[in-house]
Amino acid sequence: MLEIRGLNVSYERVQVLWDISFNIEAGEVVTLLGSNGAGKSTTVKTIQGLLKSGSGSIRFMNRSIDELPAYKIVEEGVALVPEGREIFPKMSVLENLILGAYASRARDLLKDSLEWVFNLYPKLEERKEQLAGTMSGGEQQMLAIARALMSKPKLLMLDEPSLGLAPVIVLQVFDIIKKLKEEGVTVLLVEQNIHHALEISDRAYIMEKGRIILEGKGSDLINNHYVREAYLGM
Amino acid sequence: MDIGVLIQILVWGIYAGCIYILLAIGLNLIFGVMKVVNFAHGELLMLGAYAAFWIYTFSSINPYLIVPLSMLLIAILGIFIERLCFRPIMGTGKLNEIFLSLGLIYLFQNLVAFLWSTNSRYIRSPYGEVVVHIGAIKLPLDYLIIIIVTIVFLIAFQLFMKKTTTGRAMRATSQNREAAALMGINVERMDMLSFALGSALAAAAGSLWLISGQMANPYMGAIPAIKAFAVVIIGGLGSIPGAIIAGMTLGIAENVVPYFMQALVAVFGYEMSFTGWKDTIAFLILIIVLILRPTGIFGERGE
């Protein structure tokens, strides 16, 4: 579904991604793991078109998307839940969700999509008139995920969805990702919360200093010697 | 003090306030979406007035019917300004935006002076002689029309921003540009639209001003633009309700306060006119607000 070959990305003149190659098959949950500054966020932002790649190719559903601007990539069926949520604080929950279905592909399905995300997060329906900026961090994260789902993405990318959330809420976030996987949504997850992430992933790539250094099945990586030592502290 | 005169002056104030509000809302919109301060906004008012003048001179149809035409022309000009001037320098620093828009002021003022001379131009409103009597109060019909037209524009603008998909997308872009792009919004198109809409509102202000009896000349935009900036700052950067309240306050205060001052000195037996104090009063209000509440009445912290 998504195929990345030899991707190099630079900020200003500093190269931050080096020869990144990986792929995601339809229906998979794939995780990018790594510490701060490893290039995970840069990778998803480049896929989404928020950053320009220096060289390499990004193909989605067998179409090259690396020259497209972000808003067109949303039309292609890729959605990103950005790090820090980035909801629209001065709009109601409902308006945030309606904006999520802005892409022409999703606009006609607005009613169905609303029903779908309200099913996933009943709380959002109760709060739909509330200003998004007045909700708690966990609720905002749910809103951010729901808003991305409103575009009916074929590929959903989540950038550190558990960042800064209470442990109970973190579990809820991972539960939702599991649910989405059951519904057939393909997910690319960026996480530092390695244990939870590996549990729900089919496969994972481990990044360090802008390169992919390891890849494998989620279950294998949990038992991998290097991963246990470097990331799980065991 | 005569209540009838006071109400008359009040209506003048509201009329002046309408012009400031139309300008200030455009400024706010452009700033909100693009984070650009267009100092040449007053020149869009001036060009709108000239557009109305020339269309009227060559067609002599009812000048109020010309207003939408003038708005359309200046909106198109706004699109060109956004595309050719502001887009290429976006993100290169505030100083570039400031110098660019200051340059546009001189460009437009001198271009108009060169093409059409600095002579004052005016048109006769078909209702110029019509005065509405409410009891003893006499109000020029033109002022009332302008107040009503402004209210209609404000309601239409508010409905557009709140109820339409495009309006919602513009608000989203002003709240978080990157997140808006993630929704599939073409944010550069929103820049273009905000500039077009802001320019159209400035043109509406300019042509309405001309029709109500003001002279058009190449430099007419300067003072209203500074007042509109005051309105934006007093009301709070980016706040539409703030702009409406501040615009009304400014328009009314700068007309009513001189009248009170005149009445006050009359008590001591002097006869003086304070109408020349208009601008002083407007900027005094600005200074007081900046001291007491630097973010404006409806403003938020930050930036």
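Taking each residue of the stretch A:164-175 that is without any contact (Cβ under 8 Å) to a residue 40 or more places away in the chain and looking for partners that are in a helix (DSSP H, G or I) and open to solvent by 20 Å² or more (accessible area, probe 1.4 Å) with beta-carbon atoms closer than 7 Å, six or more apart or interchain, yields A:164/A:137; A:165/A:137; A:170/A:196; A:174/A:196. Could you say whether any residue in the stretch A:65-82 is among the hydroxyl-bearing types (Ser, Thr, Tyr), open to solvent by 10 Å² or more (accessible area, probe 1.4 Å) and more than 7 Å from every other protein chain (Cβ to nearest Cβ)? For the stretch A:65-82, residues among the hydroxyl-bearing types (Ser, Thr, Tyr), open to solvent by 10 Å² or more (accessible area, probe 1.4 Å) and more than 7 Å from every other protein chain (Cβ to nearest Cβ): absent. Between A:99, A:94, A:110, which is modelled with pLDDT under 95 and of a type in the set (A, V, I, L, M)? Every option except A:110 fails the conditions.
Are any of the residues in the stretch A:23-41 under 21 Å from residue A:214 (Cα atoms), open to solvent by less than 40 Å² (accessible area, probe 1.4 Å) and assigned to a helix (DSSP H, G or I)? Yes. Can you name every residue in the stretch B:130-161 that is surrounded by fewer than 17 Cβ atoms within 10 Å (Cβ to Cβ), of a type outside the set (A, V, I, L, M) and in contact with a helix residue (DSSP H, G or I) (Cβ under 9 Å, 6 or more places away or on another chain)? Residues satisfying the conditions are B:135, B:138, B:158, B:160. When residue A:131 is tested against (1) in contact with a helix residue (DSSP H, G or I) (Cβ under 7 Å, 6 or more places away or on another chain); (2) touching a residue at least 40 places away in the same chain (Cβ under 8 Å), exactly one condition is not met: (1). Within the stretch B:232-239, is there a residue that is within 22 Å of residue B:27 (Cβ to Cβ), part of a helix (DSSP H, G or I) and of a type in the set (Ser, Thr, Tyr)? No, the conditions are met nowhere in the stretch B:232-239. Counting residues in the stretch A:214-222 that are in a strand (DSSP E or B) and either out of contact with any strand residue (DSSP E or B) (no Cβ under 7 Å at 6 or more places or on another chain) or in contact (Cβ under 8 Å) with a residue 40 or more places away in the chain (or both) gives one or more. Report, by residue number, each residue of the stretch A:193-213 that is under 14 Å from residue A:43 (Cβ atoms) and touching a residue at least 60 places away in the same chain (Cβ under 8 Å). Listed by number, the residues that qualify are A:204, A:205, A:206, A:207, A:208, A:209, A:210, A:211, A:212.
So that you can scan it fast, the table gives a plain yes or no per residue for (1) within 29 Å of residue A:95 (Cα to Cα); (2) buried (at least 24 other Cβ atoms within 10 Å of the Cβ); (3) away from chain A (no Cβ under 14 Å):
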| site | (1), (2), (3) |
| --- | --- |
| B:168 | yes, no, no |
| B:182 | yes, yes, no |
| B:188 | yes, no, no |
| B:204 | no, yes, yes |
| B:222 | no, no, yes |
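Please find, among B:250, B:284, B:290, the residue that is among the aliphatic types (A, V, I, L, M), surrounded by 13 or more Cβ atoms within 10 Å (Cβ to Cβ) and more than 27 Å from residue B:8 (Cα to Cα).
Details: B:250 fails: more than 27 Å from residue B:8 (Cα to Cα); B:284 fails: more than 27 Å from residue B:8 (Cα to Cα).
B:290 is the lone residue from the list that is among the aliphatic types (A, V, I, L, M), surrounded by 13 or more Cβ atoms within 10 Å (Cβ to Cβ) and more than 27 Å from residue B:8 (Cα to Cα).
With the condition kept exactly as written, say whether any residue in the stretch A:181-189 is over 18 Å from residue A:1 (Cβ atoms) and open to solvent by 10 Å² or more (accessible area, probe 1.4 Å). Even if it seems obvious, please write down each step before you answer.
Step one: of the stretch A:181-189, the residues over 18 Å from residue A:1 (Cβ atoms) are none.
No, that holds for no residue.
The values are calculated or read from the model by the stated rules, or taken from the named source; none is laboratory data. Nothing here was measured: the structure is a model prediction, and the numbers come from that model. When we count neighbours, we look across all protein chains shown, and the Cβ atoms used for this are built from the backbone with ideal geometry, even at glycine. Side chains included, ligands, DNA and RNA excluded: accessible areas come from the protein's heavy atoms. Shrake-Rupley method; radii C 1.70, N 1.55, O 1.52, S 1.80 Å.
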